[in-house]
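The values are calculated or read from the model by the stated rules, or taken from the named source; none is laboratory data. Worth saying up front: this structure is predicted, and the values here are computed from it rather than measured. No Cβ is skipped: glycine too gets one built from the backbone with ideal geometry, and neighbour counts run over all protein chains shown.
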Amino acid sequence: MLIGELAERAGTSTRALRYYETRGLLHARRSSNGYRTYDAAELRVVHEIRALLAVGLTLDDIRPFVDCLRAGNSSGDVCPDSVAVLRRKLAEVDAAAARLGEVRERLHAQLSHAITHREDTCTRQTC
């Protein structure tokens, strides 16, 4: 299939497909007229790339998943390198969530203090 058809079927742009190709994630052949042509298997690769991008993985993170698919696996997340990426990314998300929890607690404490201080001040000054 040509790049326009692949883009339409994958729900993405031809620009994105060309970028994935330059990053080595997508494989295209060139026809005699120079047009990119793709095998049907590349549609599965594009779907995998887009799904993984949607959950916050980078294109570098995604490479093991694509390699896993290209090795003939039915899913890109069954190979050890893919599992390692998922574990690392989950640890990053857990750490970020913990940091956000700490920030939330500090903001809550500061807000409680501000409300209490405001109420004391307003009582004395009739706000």
Given (1) loosely packed, with under 13 Cβ neighbours inside 10 Å; (2) touching an Asp or Glu at 6+ places or on another chain (Cβ under 8 Å), number of the condition GLU102 does not satisfy
(2)
Step by step: first the residues of segment 42-91, then only those that are among the acidic types (Asp, Glu) and in a helix (DSSP H, G or I), then the one that is farthest from ALA16 (Cα to Cα). Which residue is that?
ASP81
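With respect to SER112, is the statement that it is at pLDDT 95 or above and out of contact with any Leu (no Cβ under 7 Å at 6 or more places or on another chain) true? Please lay out each step first, then the result.
Working: at pLDDT 95 or above: no; out of contact with any Leu (no Cβ under 7 Å at 6 or more places or on another chain): yes.
So SER112 does not fit the description; no.
Take VAL103 and decide whether it is in contact (Cβ under 8 Å) with a residue 40 or more places away in the chain and part of a helix (DSSP H, G or I).
Taking the combined requirement at face value, the residue does not satisfy it.
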Which count do you get for residues in segment 14-41 that are in a loop (DSSP other than H, G, I, E, B) and either touching a Phe, Trp or Tyr at 6+ places or on another chain (Cβ under 9 Å) or surrounded by 15 or more Cβ atoms within 10 Å (Cβ to Cβ) (or both)?
5
